[in-house]
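The values are calculated or read from the model by the stated rules, or taken from the named source; none is laboratory data. Small disclaimer: the values here were computed from a predicted structure and weren't measured. Here the Cβ is made from the backbone with ideal geometry for all residues, glycine too, and neighbour counts use every protein chain on show.
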Amino acid sequence: MSALSLLQLQDFRSYAALDLVLDKRPVVLFGANGAGKTNILEAISFLAPGRGMRRVAMNVPVRHDCQSGAWAVHATLARADEESFSLGTGLDPQTSARRVRIDGQNAKAGALADLLRLVWLTPAQDRLFAGPRGARLRFFDRLTLSLHPGHGRNATAYERAMRDRQRLLDEGNADPSWLEACERQMADTGAAIMRARADTITHLQTQIDARETSAFPQAALSLEPLYDGAPEVDAPDCAARLAALFAASRPRDTAAGRALCGPHKANLQVMWRAKAMPAALSSTGEQKALLIGLTLAHARAVATSKDTPAPLVLLDEACAHLDPDRRAALINEVCAMKGQGWLTGTDRALFDAFGDRAQFFEVGEGCAKSVG
Ligand SMILES: Nc1ncnc2c1ncn2[C@@H]1O[C@H](COP(=O)(O)OP(=O)(O)OP(=O)(O)O)[C@@H](O)[C@H]1O
Ligand SMILES: [Mg+2]
């Protein structure tokens, strides 16, 4: 079990100060629009490396009236092994940089991921299936990153090599050995990116397939390359084939001003399996149910993956659009998870199916009151 037993916010968004004392049960935050529910989930999301679930710069969440210009989030994390850790992060006003502390010692943001994993679902993801391909691939890469910590490094190195290569192509008359060096880097990191993504699809699909009777529809996931001649991910010469593709594509990429082939040209396809229907064509509520099913499968994949602690699961407005049966099913799944679930909604009644299996907080006016 992973759970927060204490969460403290200082000058974070709408909160001057917030202190939540918690037990291990799931947490329900309810209150009116603008009450500050998502702000609490966002604060938790900063207990992982990265820019939080709203993907903002570090200075953005600071409370508007705050004099010091600094914000802080502190939590006590209780883990299955009965160990507990003190995690802190925030903005250092002197350096305008992020500060991370683990058990009172300064630490790198990456070290947070060794102790705490997070999975989140936000209303901004509601248009994931019908929205732009790039957003869907970014979403999927985030899932991949939580199972393959090196994925982020490879993605950054790939992008950098791709930019360097394009600059050489744009300038013309580049030394072929420079181009080759860029393409080799793109090919090596590209092959690693493809392997990590394929492995993630396998893990997610295994978790999805294991829930035949789930109230959440089963998705069939695949990654479609949007260029000709894409190598098979498990081909032993996958990297060499990518390098050959890049070399052959130089004239076309020069004319286009961008690389037209490679793993950045991939499309995550999600099908509603039982209906053999693309997720994008499903109804609003059906898409939400598919997305929740995918998120829960992801949480189980992280929980069962070697060396990763069970993730906390942040579900912002997940019950909106769900019919009562699906809501009850979601609540049962959240209760069965090994990591604490955090749910928000405008109305407490949405969460009645929890009974006393959750702890409830009424959120509003810069505080959150425990109401059972
Ligand atoms: N930096 C900030 N300083 C002060 N207040 C802020 C800051 N950023 C956002 N807020 C305020 O926080 C309030 C609560 O936002 P939040 O998104 O948490 O609401 P919510 O309870 O999730 O509402 P909804 O049900 O509409 O999703 C908003 O009214 C917003 O104006
Ligand atoms: Mg909200």
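Key figures for this structure:
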read-out	value
Elements of type strands (runs of 3 or more DSSP E) contained in segment 264-372, each with 3 or more residues being touching a residue at least 12 places away in the same chain (Cβ under 8 Å) and more than 16 Å from ligand 2 (Cβ to nearest atom)	266-272
Segment 191-211, subset surrounded by 21 or more Cβ atoms within 10 Å (Cβ to Cβ) and in contact with a strand residue (DSSP E or B) (Cβ under 8 Å, 6 or more places away or on another chain), residue nearest to Pro231 (Cα to Cα)	Arg197
Of the criteria (1) more than 19 Å from the chain's Cα centre (by Cα); (2) of a type in the set (A, V, I, L, M, F, W, C); (3) near ligand 2 (Cβ under 9 Å from one of its atoms), which one Ala17 fails	(3)
Which listed residue, of Arg55, Arg63, Arg133, Arg51, is of a type outside the set (Gly, Ala, Ser) and at positive phi	Arg55
Residue in segment 49-72 that is part of a strand (DSSP E or B) and more than 13 Å from ligand 1 (Cβ to nearest atom) present	yes
First in segment 47-69 and more than 13 Å from Ala97 (Cα to Cα), second anywhere and part of a loop (DSSP other than H, G, I, E, B) and away from ligand 1 (no atom under 13 Å from the Cβ), Cβ under 7 Å, 6 or more apart	Leu47/Leu116; Ala48/Leu116; Gly52/Phe46; Ser68/Pro93
Residue that is surrounded by the fewest Cβ atoms within 10 Å (Cβ to Cβ), among those in segment 111-126 that are of a type outside the set (A, V, I, L, M) and within 16 Å of ligand 2 (Cβ to nearest atom)	Pro123
Unique residue being modelled with pLDDT of 95 or more, charged (D, E, K, R), more than 9 Å from ligand 1 (Cβ to nearest atom) and over 24 Å from the mean Cα position of the chain (by Cα) when the list is Asp11, Asp23	Asp23
Helices (runs of 4 or more DSSP H) fully within segment 110-180 counting 3 or more residues that are modelled with pLDDT of 90 or more and more than 30 Å from Ala43 (Cβ to Cβ)	151-171
Among the candidates Ala320, Ala256, Ala280, residue that is more than 21 Å from the chain's Cα centre (by Cα), surrounded by fewer than 18 Cβ atoms within 10 Å (Cβ to Cβ) and not charged (D, E, K, R)	Ala256
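The rows are residues; the columns are (1) away from ligand 2 (no atom under 16 Å from the Cβ); (2) not in a helix (DSSP H, G or I).
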{"site": "Leu6", "(1), (2)": "yes, yes"}
{"site": "Arg25", "(1), (2)": "yes, yes"}
{"site": "Val28", "(1), (2)": "no, yes"}
{"site": "Glu42", "(1), (2)": "no, no"}
{"site": "Gly90", "(1), (2)": "yes, yes"}
